[in-house]
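Structure first, then comments.
The values are calculated or read from the model by the stated rules, or taken from the named source; none is laboratory data. None of these values were measured; they are calculated from a predicted model. All Cβ positions, glycine included, derive from the backbone under ideal geometry; neighbour counts span all protein chains shown. Ligands, DNA and RNA are excluded from the accessible area calculation, which covers all protein heavy atoms including side chains. Shrake-Rupley method; radii C 1.70, N 1.55, O 1.52, S 1.80 Å.
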Amino acid sequence: MKKRVAILISGNGSNMVELVQSMGSAHPGIAALVLSNNPDALGLSRAEKLGVPIASLDHRPFDEDRAAYDVALHEFLSGHDIDFICLAGFMRILTGKFVSLWEQKIINVHPSLLPKYKGLKTHQRAIDAGDREAGCSVHLVASELDSGPLLGQARVKIFENDTASLLGQRVLIQEHRLYPLVLKRFLSGERNLLFLAD
Ligand code: GAR
């Protein structure tokens with residue numbers, strides 16, 4: 001039986017599009033839901049055009065009550081018989097309670113070679129540090145921000161005079177390669193790390 005996958009987004013949803021398009025008939029997962037905490041996220045209309053059910057769960061009425069938001073999120077996903085969650089630019093920190101309820105069932109893509117550069121402005125930080133390469137990581141989600149066992153990484157060279165914007169565009173192309181491959185492997189039971197080079 002195929003796993004019902006929910007993809008959680010906050011913005012453009014370009015990774016979400018790649019994940020949805022990768023889930024064809026021979027795939028162990030089916031794109032069952034795209035959910036955003038931001039009702040205006042561009043990704044929601046992109047998902048709708050792809051024929052995937054969409055939902056928004058606005059975080060603003062919850063004020064700063066992360067626990068209450070995550071209870072609502074858990075209930076919503078459970079109510080839609082979701083088996084597996086892909087975070088794809090979902091810019092919220094999940095509570096430890098939520099993560100433990102979905103242990104081994106949430107993965108995330110992050111635009112750095114973790115464990116380097118958790119959080120934001122990853123490309124600028126890599127350039128400022130004089131790094132020769134950057135990249136992206138897909139990992140199982142643990143309760144600390146941008147952490148948890150690695151499942152795959154793709155590396156991208158940093159050029160002299162590179163900018164965060166240019167580097168970010170090249171890393172995003174690699175995210176689009178890496179994330180669908182890792183999702184398929186993980187749902188198929190493969191746990192070996194996947195490394196890609198540009
Ligand atoms: C991606 O670069 C993703 O790695 C990043 O947000 C972007 C979303 O783009 N996620 C994080 O920084 C999570 N810590 P998208 O909406 O076009 O997929």
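For the subset of segment 158-174 comprising residues that are in contact with a strand residue (DSSP E or B) (Cβ under 7 Å, 6 or more places away or on another chain) and open to solvent by less than 30 Å² (accessible area, probe 1.4 Å), which member is farthest from the ligand (Cβ to nearest atom)?
Step one: filter segment 158-174 for residues in contact with a strand residue (DSSP E or B) (Cβ under 7 Å, 6 or more places away or on another chain), giving 158, 167, 170-171, 174.
Add one more test, that the residue is open to solvent by less than 30 Å² (accessible area, probe 1.4 Å), and what stays is 158, 167, 171, 174.
Values: ILE158: 16, LEU167: 11, VAL171: 7, GLN174: 10 Å.
Applying the filter and picking the extreme gives ILE158.
Taking the stated definitions as given, is SER36 in contact with a Ser or Thr (Cβ under 7 Å, 6 or more places away or on another chain), among the hydroxyl-bearing types (Ser, Thr, Tyr) and open to solvent by 30 Å² or more (accessible area, probe 1.4 Å)?
Details: in contact with a Ser or Thr (Cβ under 7 Å, 6 or more places away or on another chain): yes; among the hydroxyl-bearing types (Ser, Thr, Tyr): yes; open to solvent by 30 Å² or more (accessible area, probe 1.4 Å): no.
When the stated conditions are applied, SER36 does not pass them.
Given the criteria over 24 Å from VAL182 (Cα atoms), in a helix (DSSP H, G or I) and among the aliphatic types (A, V, I, L, M), does ALA55 qualify? First the steps, then the outcome.
Working: over 24 Å from VAL182 (Cα atoms): yes; in a helix (DSSP H, G or I): no; among the aliphatic types (A, V, I, L, M): yes.
Spelling it out, it is not the case that ALA55 is over 24 Å from VAL182 (Cα atoms), in a helix (DSSP H, G or I) and among the aliphatic types (A, V, I, L, M).
Which members of segment 28-42 meet the condition of being within 11 Å of the ligand (Cβ to nearest atom) and over 17 Å from ILE82 (Cβ atoms)? Within segment 28-42, ASN38, ALA41, LEU42 meet the criteria.
Among what's in segment 1-27 and is of a type in the set (Gly, Ala, Ser) and within 8 Å of the ligand (Cβ to nearest atom), pick the residue that is surrounded by the most Cβ atoms within 10 Å (Cβ to Cβ). Residue satisfying both the conditions and the ranking: GLY13. Scan segment 119-139 residue by residue and report those that are surrounded by fewer than 14 Cβ atoms within 10 Å (Cβ to Cβ), in contact with a Leu (Cβ under 8 Å, 6 or more places away or on another chain) and farther than 18 Å from ARG177 by Cα. Answer for segment 119-139, where residues must be surrounded by fewer than 14 Cβ atoms within 10 Å (Cβ to Cβ), in contact with a Leu (Cβ under 8 Å, 6 or more places away or on another chain) and farther than 18 Å from ARG177 by Cα: just GLY119. Here is the figure for segment 132-185: residues that are under 13 Å from the mean Cα position of the chain (by Cα), in a loop (DSSP other than H, G, I, E, B) and without any contact (Cβ under 8 Å) to a residue 40 or more places away in the chain total 2.
Just for segment 90-127: of the residues that are away from the ligand (no atom under 14 Å from the Cβ), outside any helix (DSSP H, G or I) and over 13 Å from the mean Cα position of the chain (by Cα), which one is farthest from ILE7 (Cα to Cα)? The selected residue is THR95. Being buried (at least 17 other Cβ atoms within 10 Å of the Cβ) and either among the small types (Gly, Ala, Ser) or closer than 19 Å to CYS136 by Cα (or both) is a property that does not hold for PHE62.
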